[in-house]
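Please treat every number below as a calculation from the coordinates, not as lab data. Quick caveat, the model's predicted, so the values are computed rather than measured. Backbone-built Cβ (ideal geometry, glycine too); neighbour counts: all protein chains shown.
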Amino acid sequence: MVAIVAGHITKFGKRKENLLQLVAEATIPIITKFADEIDFVVVSNTYSGEFNSMSGLNNLIATYLGMDYVPSIRVDNTSGSGGSAILVGKSLIDSGIARRVLVIGAEKMSEKSTKQVTSIIASLLPKEERNAGLTLPSLAGLLAKEYMRKYSAPRESFALVAVKNHHNAMLNPYAHIQKEVTVEEVLKAPIIAEPLTLYEFSPISDGACSILLTSNEESFSFTERPVFIKGIGTASDSSSISSREDIISLRSVREAGAIALKNAKVEKVNFAELHDMATVLEIVEAEELGLLKKGEGWKAYFEGVTGINGEMPINTSGGLNSKGHPIGASGVAQAYEAFLQLRNEAGNRQVKDARVGLSLSMAGFGNSATVIVYGAEP
Amino acid sequence: MIYSCKNCGYSSFVSRARCPRCGSTEIYAIAENEGRALLCWKLTATPEGFEDSYYLCLININGKANAFCRSNESLEGDVVEENNGICYRKTKEAANN
Ligand SMILES: [Zn+2]
């Protein structure tokens with residue numbers, strides 16, 4: 001079994017620093033204390049080639065951090081890279097290959113135009129679907145339209161996700177977007193993918209986040225309050241959206257969640273960090289994970305259930321929607337938010353009596369999903 | 001254009017080396033591209049090399065495979081033909097009567 005014993009994050013946003021500098025900002029506070037203990041580095045990043053003209057990123061990072069001889073690998077699983085990197089880090093420890101694994105998530109996106117970023121990210125689609133003009137944000141529009149039709153959900157449901165996550169981000173000094181929005185402002189903003197508007201999509205962000213993993217047994221020699229990975233589940237779906245039997249379900253999320261909760265022997269979590277690249281995804285994912293009732297998840301947003309003080313707080317960090325979504329960093333930053341919440345260190349966005357949390361790191365449009373259940377106790 | 005498995009008939013809009021249903025590697029491109037547009041929705045943030053806005057349509061080709069194509073207007077409900085990612089209207093949706 002594996003625990004998180006340390007973590008650090010950069011402010012997400014349009015940053016002047018380059019990719020390696022962002023990594024250093026997130027990581028130096030950890031390695032200043034524990035450099036000699038770390039025996040493996042796992043880097044979560046997808047687009048350093050496309051965005052930054054860099055390859056062999058893990059080795060470049062290790063060298064930049066003065067850890068030239070520490071073995072390292074890069075994990076690329078698009079938007080879900082962070083969850084996959086933690087899975088790999090945990091597996092390295094469970095298998096005995098490594099003892100203390102530094103997981104670094106990072107992406108530097110803002111040097112490209114929005115059209116270029118959209119195009120680069122759409123390269124995860126099969127060529128026939130990409131050639132039709134399909135993009136990741138466009139699929140969120142399709143999902144929103146179908147969700148509204150199937151469940152008679154009002155349009156405002158999705159806007160309320162953006163309102164909540166913008167509010168939560170105001171409580172997170174590391175979040176990209178520092179601005180409250182109202183339902184009216186969300187609905188009146190420029191449409192990106194009908195019916196969803198600008199405020200309902202994650203921004204293009206730069207950022208990095210690092211966490212240190214050890215075995216449960218060793219964890220207490222690193223910190224008095226380790227956060228334990230109680231369960232982890234990963235699952236995949238077809239990369240071809242047109243080949244999926246049900247275009248509005250997220251099969252990988254459902255399966256990964258069931259595996260993680262079963263492994264963790266947990267039925268209820270106190271908070272969740274979900275992959276809200278678009279507002280509608282937060283609702284559908286929460287339903288697939290059993291956090292909200294299938295087809296009725298939207299109702300929770302009218303009742304404040306998912307707010308920090310609600311029954312099922314979701315995306316206390318501001319989520320991808322407002323904290324930002326530097327692709328490779330996002331899944332690691334979710335784990336870091338769980339680390340803070342379960343150590344009672346989340347400041348004025350702290351969930352009261354948080355003992356068990358969950359994160360969903362998702363690739364593409366549910367192309368794969370990694371769900372992690374965290375606990376303040378093993 | 002869709003791709004069909006010679007062994008089991010599984011059809012898909014995307015090309016594959018192996019059938020996900022039966023495992024056969026005998027997959028053939030077949031010249032079927034007509035179907036009904038099940039859903040259309042507008043996209044206004046588009047990738048490099050594409051128009052600044054267009055409608056995307058999810059279409060079903062002859063009951064065999066779903067596919068995507070784009071158009072400069074909504075074709076929801078219409079019979080369309082897909083060609084190289086673009087949809088062309090064949091028959092307008094019949095008026096309710
Ligand atoms: Zn077959």
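Here is how the numbers come out for the structure above:
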read-out	value
q = 0.13, 0.21 Å⁻¹: log10 I(q)/I(0) that the Debye formula gives for the stretch B:33-97, counting C-alpha atoms only	-0.32, -0.76
Partners for A:LYS299 among lysines (Cα-Cα distance below 25 Å; same-chain residues under 8 apart left out)	A:LYS145, A:LYS150, A:LYS164, A:LYS179, A:LYS188, A:LYS268, A:LYS323, A:LYS352
Value of relative contact order over chain B, rounded to a whole percent, pairs C-alpha under 8 Å and six or more apart	23 percent
Selection from A:VAL163, A:GLY207, A:SER317, by position along the positive dipole direction of chain A (Cβ)	A:VAL163
Loop-located GluC sites (Glu not before Pro) in the stretch A:191-249, at most 10 other Cβ atoms within 10 Å (DSSP)	A:GLU224, A:GLU245
Dipole magnitude (debye, nearest 20) for chain A, charges at Cβ of Lys, Arg, Asp, Glu	280 debye
Average Cα contact separation per residue, the stretch A:280-321, under 8 Å, 6 or more apart, as relative contact order %	21 percent
Fluctuation leader among A:TYR69, A:TYR336, A:TYR147 - chain A, Gaussian network, Cα springs under 10 angstrom	A:TYR69
Inter-centroid distance (Cα atoms) of the stretch A:203-243 relative to the stretch B:1-57, Å	34 Å
Interchain or long-range residues, amide H under 5 Å from A:GLY231's placed H	A:VAL373
Helix runs (DSSP H) in chain A reaching 18 Å along axis by Cα, Kyte-Doolittle at least -0.5	A:19-34, A:81-94, A:136-151, A:156-170, A:251-264, A:327-342
Eligible aspartates and glutamates near B:LYS42 by straight Cα distance, threshold 14 Å, same-chain separation 8 or greater	A:GLU146, A:GLU194, B:GLU51, B:ASP52, B:GLU73, B:GLU76
Sequence-separation-based contact order of chain A, relative, with Cα cut under 8 Å and 6+ spacing, percent	27 percent
Spatially proximal lysines relative to A:LYS90 (Cα-Cα < 22 Å; intrachain offsets below 8 disregarded)	A:LYS33, A:LYS230, A:LYS262, A:LYS265
Cα centre as origin, Lys/Arg/Asp/Glu Cβ charges: chain B dipole, Debye	460 debye
Fewest-first ranking of B:CYS87, B:CYS8, B:CYS40, B:CYS19, using other Cβ atoms within 10 Å as the exposure measure	B:CYS8, B:CYS19, B:CYS40, B:CYS87
Shape call, the stretch A:88-135: gyration tensor on alpha carbons, a/c limit 1.5	oblate
Cα gyration tensor, the protein assembly as shown - rounded (a/c under 1.5), prolate or oblate	prolate
